[in-house]
Amino acid sequence: MPLLPPRSPLRPAYVASLLSSGAVALMGCNRLLLRARPLPLPPVPSPPPSPSSSCYVSSSRVRFRGAYGLRFSCVRSGAGSRMNPSCLKANGVPHRPHSSIPRPVQLEGPVGKGIEAPLKVLKMRLEELGIDMQTCLPGQYHSLLCPMCKGGRSMERSLSIFISPDGASAVWTCFRGTCGWKGSTRAAAKPRSSYATSNQTSKVKSIREITEESLELEPLCNELVAYFAERLISAETLRRNAVMQKKCENQIVIAFTYRRGGKLVSCKYRDVKKKFWQEADTEKIFYGLDDIKGKSEIIIVEGEMDKLAMEEAGFRNCVSVPDGAPPSASDKDLPPEGQDIKYQYLWNCKDYLKEVSRVILATDGDKPGQALAEELARRLGRERCWRVKWPKKNDSEYFKDANEVLMYVGPGVLREVVDNAELYPIRGLFTFKDFFDEINAYYHRTLGYEFGVSTGWKSLNHLYNVVPGELTIVTGVPNSGKSEWIDALLCNINESVGWKFALCSMENRVREHARKLLEKHVKKPFFDSKYGESAERMAVEDFERGKRWLSDTFYLIRCEDDSLPSIKWVLDLAKSAVLRHGVRGLVIDPYNELDHQRPSSQTETEYVSQMLTLIRRFAQHHSCHVWFVAHPRQLHNWVGEPPNLYDISGSAHFINKCDNGIVIHRNRDPEAGPVDQVQVCVRKVRNKVAGTIGDAFLNYNRVTGEFIDIDAEPKKQ
């Protein structure tokens, strides 16, 4: 007999096929009315139905409350239901071939005496699995509550079970997507069940009912009461929590009784060696569950002793987990409720937890305790969780749990610890309190470089200083000396504070870049040639010393093939330079030498915005200053004035997203002034502590590549 889900659309089709292959279907919104011609049926080997039966099948006609027709609900199927195409006809009437029509059976009526014995055995076997078949009749499908998934939060009756007409066998399937439990059994055989989602055979454990008498529990003896007193747990607290004892072989052990509604559900034991074990085949629930019924704020601890300690501090709204802590938190997705075996006690107590708005996690302070807090927060919702911070025991150690705090520093401190519980961290969500250490260091100027690092030029220091974690955009018309000025700036910073730098300079050959840097550092020309005029060339000793300086100060990011580097590739290598070599500055020169492939649906403005966001995040995360050189677009009718940051080719985001914007400009008209004078135009400073908008003027030494202060005062805009 095929097993159909309780609300499957195949049920109406199946019943219709039993009645007639030529049935006429009249469709309504919620009901389907089938009128069937008389269909000769083979005799049914069971007593005839009583006249009071609401529905029965006879050998001559289908009767329903005295009418010649069968009327029943046609429930809309869920999203997961599918109609089998083989049962559809062009006229819209569900139909199956006559060869597949099973022998009709009696739908209602008294159970025959011949099947009473196997049905009774079958009932016992199903009850062992947790299936209640009190209302189930042979030959019918029934919708019941699945004992494995409990129907989820909606308590859906998702288990479809069919009892054979002879009462000797049963087959069932849970149609809830996250469960899929299915199985079969016979009165004369052992049951078999499995999960459809995992294809693993799993025997379902029956839940034992226990009592204090069946477990032979006794009131605590004076010795155990004294033991608890040493841990500052009073006899009144022990009595209220029904802590008992049990004789096990040649010793007496502590018995922590787990109750729900006052009824004993499980029991956990502890011996003098701190060995724990629980009663087998009992339901997993919180210890002290009745104490949180109807509470909006609860405390969860890791052990029964901690729950008792919390009560001594005045907190009765506290429960303990039954199974301790895991060694580490899982990085996998949460399993479905029916398969969350380790934390099944949470689902078993969900009615007590659903109204809770604040959960204080007071698990142990060790690594497993923190892992337990994380697993609980994942399931309960981090947004309603708080966590305690255990106080220090000495200079190097913290108290481990609630009972230890109670024993060593008393209930007052334990109350203070709970009252000062902190919000459980949610990734990406913070308060300013989370950054107070950094803010304090900033105020007391112990971070370093709060005002930035000096550029080395007096005329520029009050306009622009180099702050770690910021992005500076540098632009200027071609041949203005942008790259030369940045090289000189790096040499000054290295000389004053010893910073190291990563250079991604695609326009420079390595040997030429080395020459420029060495000339600025040694302050002598690299070659004895025309540009050196009469200056003395750097000696071999200077050259060798300069090479060591180059190797210790700069790290090159270069493509070793013909492909253009992407910004992600550059930043990944820069990250390696920061972590491996302690680099504090990164130069990307220039923007138009990078690979700028982007999706066809993305505009250049959107791409530039995304790229600059990546660079700024890199700078902030690694406390690394980034200089990014970007050329201006082609300037029409240019008359020699410094360009604006909005003139940069690509997007206005270059000025919108940077922390600092600088234009390097060199005079080209001898009649307008010295041609070796360089104007440094500071056009944007986001951090007012580090500078302001204005212009500074420097002289450029063509022989050594140095930039030197001149006596002129900086011009303000």
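The values are calculated or read from the model by the stated rules, or taken from the named source; none is laboratory data. Not measured: the values here are computed from a predicted model. Positions of Cβ are backbone-derived with ideal geometry, glycine not excepted, and every protein chain shown enters the neighbour counts. Each accessible area value is taken on the protein alone, full model and side chains, heavy atoms only, with ligands, DNA and RNA left out. Shrake-Rupley method; radii C 1.70, N 1.55, O 1.52, S 1.80 Å.
Checked across segment 318-341, the condition of being within 22 Å of residue 210 (Cβ to Cβ) and free of Cβ contacts under 8 Å to residues at least 12 places away in the same chain holds for at least one residue. Residues of segment 400-429 that are over 32 Å from the mean Cα position of the chain (by Cα) and in a loop (DSSP other than H, G, I, E, B): 410 alone.
Yes or no, residue by residue, for (1) modelled with pLDDT of 90 or more; (2) in a strand (DSSP E or B); (3) among the β-branched types (Val, Ile, Thr):
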{"residue": "614", "(1), (2), (3)": "yes, no, no"}
{"residue": "628", "(1), (2), (3)": "yes, yes, no"}
{"residue": "635", "(1), (2), (3)": "no, no, no"}
{"residue": "642", "(1), (2), (3)": "no, no, no"}
{"residue": "664", "(1), (2), (3)": "yes, yes, yes"}
{"residue": "680", "(1), (2), (3)": "yes, yes, yes"}
{"residue": "696", "(1), (2), (3)": "yes, yes, no"}
{"residue": "715", "(1), (2), (3)": "no, no, no"}
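Looking across segment 198-239, the residues that are at pLDDT below 85 and either open to solvent by less than 80 Å² (accessible area, probe 1.4 Å) or closer than 18 Å to residue 257 by Cβ (or both) come down to 198, 202, 204, 206.
Each row is one residue, and each column tells you yes or no for (1) in contact (Cβ under 8 Å) with a residue 12 or more places away in the chain; (2) in contact with a Gly (Cβ under 9 Å, 6 or more places away or on another chain); (3) open to solvent by less than 50 Å² (accessible area, probe 1.4 Å).
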{"position": "122", "(1), (2), (3)": "yes, yes, yes"}
{"position": "136", "(1), (2), (3)": "yes, no, yes"}
{"position": "154", "(1), (2), (3)": "no, no, no"}
{"position": "168", "(1), (2), (3)": "yes, no, yes"}
{"position": "181", "(1), (2), (3)": "yes, yes, yes"}
{"position": "184", "(1), (2), (3)": "yes, no, yes"}
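Note on segment 342-384: among residues that are of a type in the set (Lys, Arg), in contact with a strand residue (DSSP E or B) (Cβ under 9 Å, 6 or more places away or on another chain) and touching a residue at least 40 places away in the same chain (Cβ under 8 Å), the one that is surrounded by the fewest Cβ atoms within 10 Å (Cβ to Cβ) is 358. Is at least one residue of segment 306-317 buried (at least 22 other Cβ atoms within 10 Å of the Cβ), over 21 Å from residue 390 (Cβ atoms) and either modelled with pLDDT of 95 or more or among the aromatic types (Phe, Trp, Tyr) (or both)? Looking for residues that are buried (at least 22 other Cβ atoms within 10 Å of the Cβ), over 21 Å from residue 390 (Cβ atoms) and either modelled with pLDDT of 95 or more or among the aromatic types (Phe, Trp, Tyr) (or both), one finds none in segment 306-317, hence no. Of all residues in segment 615-656, those satisfying the criterion of being farther than 17 Å from residue 590 by Cβ, within 35 Å of the chain's Cα centre (by Cα) and of a type outside the set (S, T, N, Q) are 616, 617, 618, 619, 621, 622, 624, 625. Name the single residue, out of those in segment 565-610 being among the small types (Gly, Ala, Ser) and not in a helix (DSSP H, G or I), that is nearest to residue 482 (Cα to Cα). Among them, the one singled out is 585.
Residues are listed down the side, and each one gets a yes or a no for (1) within 23 Å of residue 414 (Cβ to Cβ); (2) among the aliphatic types (A, V, I, L, M); (3) assigned to a loop (DSSP other than H, G, I, E, B):
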| site | (1), (2), (3) |
| --- | --- |
| 225 | yes, yes, no |
| 233 | yes, yes, yes |
| 247 | no, no, no |
| 258 | no, no, no |
| 281 | no, no, yes |
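When segment 632-661 is filtered for residues that are touching a Phe, Trp or Tyr at 6+ places or on another chain (Cβ under 7 Å) and touching a residue at least 60 places away in the same chain (Cβ under 8 Å), the ones remaining, listed by number, are 645, 648, 655, 660. Inclusion of residue 434 among residues that are free of Cβ contacts under 8 Å to residues at least 24 places away in the same chain, more than 27 Å from residue 326 (Cβ to Cβ) and charged (D, E, K, R) is not warranted. Only one of these is assigned to a loop (DSSP other than H, G, I, E, B) and buried (at least 17 other Cβ atoms within 10 Å of the Cβ): 285, 300, 254. Name it. Unique residue meeting the criteria: 285.
Pairs are defined by a Cβ separation below 7 Å, a sequence spacing of at least 6 or placement on different chains, a first member in segment 449-461 that is more than 16 Å from residue 686 (Cα to Cα), and a second member that is acidic (Asp, Glu) and outside any loop (DSSP other than H, G, I, E, B); the pairs so defined are 457/709; 458/709; 459/709. The number of residues in segment 482-493 that are out of contact with any Gly (no Cβ under 9 Å at 6 or more places or on another chain) and open to solvent by 10 Å² or more (accessible area, probe 1.4 Å) comes to 1.
Of the residues making up segment 436-474, just one is open to solvent by less than 50 Å² (accessible area, probe 1.4 Å), aromatic (Phe, Trp, Tyr) and touching an Asp or Glu at 6+ places or on another chain (Cβ under 8 Å), namely 457. Annotation: of all residues in segment 496-515 being of a type in the set (D, E, K, R) and touching a helix residue (DSSP H, G or I) at 6+ places or on another chain (Cβ under 8 Å), the one that is farthest from residue 580 (Cα to Cα) is 507. Within segment 265-275, the set of residues being crowded, with 16+ Cβ neighbours inside 10 Å and either within 13 Å of residue 246 (Cα to Cα) or touching a Ser or Thr at 6+ places or on another chain (Cβ under 6 Å) (or both) comprises 266, 267, 268, 269, 270.
For segment 517-557, give me each residue that is in contact with a Phe, Trp or Tyr (Cβ under 9 Å, 6 or more places away or on another chain), open to solvent by 40 Å² or more (accessible area, probe 1.4 Å) and among the charged types (D, E, K, R). Residue satisfying the conditions is 537 alone. When 249, 304 are screened for being on the phi > 0 side of the Ramachandran plot and acidic (Asp, Glu), only 249 passes. If you take the residues of segment 240-251 that are in contact (Cβ under 8 Å) with a residue 40 or more places away in the chain and open to solvent by less than 40 Å² (accessible area, probe 1.4 Å), which of them is nearest to residue 274 (Cα to Cα)? Among residues in segment 240-251 that are in contact (Cβ under 8 Å) with a residue 40 or more places away in the chain and open to solvent by less than 40 Å² (accessible area, probe 1.4 Å), the one nearest to residue 274 (Cα to Cα) is 243.
When segment 385-425 is examined, which residues are found to be surrounded by 12 or more Cβ atoms within 10 Å (Cβ to Cβ), at pLDDT below 95 and over 30 Å from residue 227 (Cβ atoms)? 422, 423, 424, 425, listed by residue number.
Within segment 562-600, count every residue that is among the acidic types (Asp, Glu) and either closer than 24 Å to residue 466 by Cα or crowded, with 18+ Cβ neighbours inside 10 Å (or both).
Total meeting the criteria: 2.
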